[in-house]
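Reading through the structure tokens given below for one structure.
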Amino acid sequence: MFDVEKIIQDFPILNQGGTSKPLTYLDSTASSQKPTAVIEAMDTYYREYNANVHRGIYQISEKASDAYEKSRKKVGRFINARNWREIIFTRNATESLNLVAYSWGQANIKAGDVIITTEMEHHANLIPWQQLAARNGATVKYIPVTEQGYLDMAAFEAMLSPEVKLVAVTQMSNVLGTIPPIDDIIEKAHAVGALVLLDGAQSVPHMPVDVQALDCDFLAFSGHKMLGPTGIGVLWAREEILNAMPPFMTGGDMIKHVSFEGSTWNDLPWKFEAGTPAIAEVIGLGYAVDYLNTLGMDNIRQHEIDIVTYALDQLNQVEGLRIFGPKTPENRGGSISFTLGDIHPHDVSAILDSEGVAVRAGHHCAMPLHEKFGLAATTRASFYIYNTNSDVDRLVIGLDKCLNLMA
Ligand SMILES: Cc1ncc(COP(=O)(O)O)c(C=O)c1O
């Protein structure tokens with residue numbers, strides 16, 4: 001049913017002949033590879049109907065507008081939005097988070113208010129809140145992460161008060177892999193009147209996400225981590241929240257009427273899409289969503305649980321290797337960050353690269369989390385739909401080589 005060998009055939013980058021070592025790509029947490037369907041959809045747009053959207057009264061422009069808006073509906077259905085008007089296209093998850101921090105944040109966060117986030121956030125879901133709090137006299141509080149990589153829920157509950165206006169939390173950590181108890185967080189945050197923003201940059205590509213079932217208020221994610229192109233991201237929010245928010249950027253396309261005295265804003269979602277959008281990228285993202293739907297998000301999640309189970313088992317047998325984050329595959333996603341004795345993660349990564357194994361080394365845009373664990377950097381291997389247990393084996397062989405060379 002979930003035929004990885006067949007999936008691999010759909011990814012040109014994984015099928016390049018003539019290289020001395022085949023590519024073992026273990027960095028999908030940073031950015032996923034792209035299937036032919038996505039590459040060809042973008043190529044077809046440029047070759048056959050390249051034109052601006054929402055403007056031209058001629059055939060190729062209308063075709064481009066239709067394809068652009070069709071992608072929006074696909075994305076809306078993918079996360080079970082109530083309505084396609086709730087899907088705002090941005091450049092990436094980072095821009096989606098900044099959009100909320102500037103537009104909603106400036107209008108709603110006042111002196112004395114509290115924003116809660118966690119110690120395991122990507123900088124994209126941390127710095128915008130620090131900056132918002134600094135601008136408006138609010139405070140940011142961080143839910144602590146335990147040694148085992150879980151959120152300290154008792155500490156979270158102790159932070160809750162009527163001053164809390166926003167809880168901004170990742171739905172899957174890009175470093176520890178942790179999947180926090182989101183339902184519980186949302187219920188408790190709503191009970192004190194706070195809105196909940198989910199950073200879905202890792203969850204949306206890797207597991208089923210249903211915004212209505214979750215009952216969250218905002219969800220931010222990036223196209224390039226879910227088989228789509230770079231340069232396209234999504235902000236979802238409940239329609240009434242978006243309607244009440246002022247525009248983030250202003251200019252063409254986001255207006256209804258403009259005069260020398262002032263302007264009025266376009267309807268949702270275009271109120272938040274100023275200027276010419278990333279048309280080819282939006283179309284590509286729609287094809288990425290089709291591809292994921294064909295595989296089935298439940299199957300994708302199960303494949304990752306299987307591969308993470310195998311990877312944790314194999315990695316635990318490597319001498320001196322320390323894994324961060326939950327030990328149980330059901331509680332984590334496909335990102336596994338680790339240290340290997342005293343060997344610097346950059347050396348580990350470089351030696352693995354010589355074996356054709358691509359991993360990430362560094363702080364993975366989560367510097368405070370690394371500092372908390374007393375580390376400057378870790379090595380991170382991350383898995384997705386096109387990875388197999390043989391990729392784990394190649395990683396382990398590479399790590400043994402690191403030990404032989406450096407330990
Ligand atoms: C959890 C998480 N949030 C946010 C981001 C930011 O995504 P982007 O760089 O696509 O804006 C990332 C990227 O790695 C991430 O892993």
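Here GLU95 qualifies as over 25 Å from ARG332 (Cβ atoms), within 14 Å of the ligand (Cβ to nearest atom), among the acidic types (Asp, Glu) and not in a loop (DSSP other than H, G, I, E, B).
Taking the conditions exactly as written (surrounded by fewer than 19 Cβ atoms within 10 Å (Cβ to Cβ) and at negative phi), does ILE397 satisfy them or not? Let's see the steps before the verdict.
Working: surrounded by fewer than 19 Cβ atoms within 10 Å (Cβ to Cβ): yes; at negative phi: yes.
So ILE397 fits the description; yes.
Is the range 278-288 home to any residue that is out of contact with any helix residue (DSSP H, G or I) (no Cβ under 8 Å at 6 or more places or on another chain) and within 18 Å of GLY233 (Cα to Cα)?
Here is the first cut: in the range 278-288, the residues out of contact with any helix residue (DSSP H, G or I) (no Cβ under 8 Å at 6 or more places or on another chain) are 278.
Subset that is within 18 Å of GLY233 (Cα to Cα): 278.
Yes, the conditions are met somewhere in the range 278-288.
Residues that are closer than 12 Å to SER71 by Cβ and among the aliphatic types (A, V, I, L, M) were ranked within the range 249-303; the one that is surrounded by the most Cβ atoms within 10 Å (Cβ to Cβ) is LEU285. Of note, SER103 satisfies the criterion of being under 19 Å from PHE248 (Cβ atoms), more than 15 Å from the ligand (Cβ to nearest atom), outside any strand (DSSP E or B) and not assigned by TED's automatic domain parsing to the domain that holds ARG322.
Somewhere in the range 323-343, is a residue farther than 19 Å from MET172 by Cβ and among the acidic types (Asp, Glu)? Give the steps one after another, and end with the answer.
Pass one, the range 323-343, residues farther than 19 Å from MET172 by Cβ: 339-343.
Filter once more, keeping what is among the acidic types (Asp, Glu): 342.
Yes, the conditions are met somewhere in the range 323-343.
Just one of the listed residues (ARG72, ARG77, ARG85) is crowded, with 18+ Cβ neighbours inside 10 Å and either in the same structural domain as LEU195 (by TED's automatic domain parsing) or part of a loop (DSSP other than H, G, I, E, B) (or both), and it is ARG72.
Here's the yes/no breakdown for (1) out of contact with any strand residue (DSSP E or B) (no Cβ under 6 Å at 6 or more places or on another chain); (2) assigned to a loop (DSSP other than H, G, I, E, B); (3) under 22 Å from HIS303 (Cα atoms):
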site	(1), (2), (3)
GLU5	yes, no, yes
ILE8	yes, no, yes
LEU14	yes, no, yes
GLY18	yes, yes, no
MET42	yes, no, no
ASN50	yes, yes, no
HIS54	yes, yes, no
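With respect to the conditions (1) outside the structural domain of ASP199 (by TED's automatic domain parsing); (2) touching a Phe, Trp or Tyr at 6+ places or on another chain (Cβ under 6 Å); (3) charged (D, E, K, R), ASP10 lacks only one, and its number is (2). For the range 40-51, the criterion of a residue being of a type in the set (Asp, Glu) and closer than 30 Å to LEU198 by Cβ is satisfied by no position. Considering VAL114, VAL53, the condition of being assigned by TED's automatic domain parsing to the domain that holds PHE221, hydrophobic (A, V, I, L, M, F, W, C) and within 30 Å of ALA366 (Cα to Cα) is satisfied by VAL114 alone. Of everything in the range 124-179 that is among the charged types (D, E, K, R) and not in a helix (DSSP H, G or I), the residue that is farthest from the chain's Cα centre (by Cα) is GLU163.
The values are calculated or read from the model by the stated rules, or taken from the named source; none is laboratory data. What you see is a predicted model, and the numbers here were worked out from it, not measured in a lab. Glycine gets a Cβ as well: all are built from the backbone with ideal geometry, and neighbour counts include every protein chain shown.
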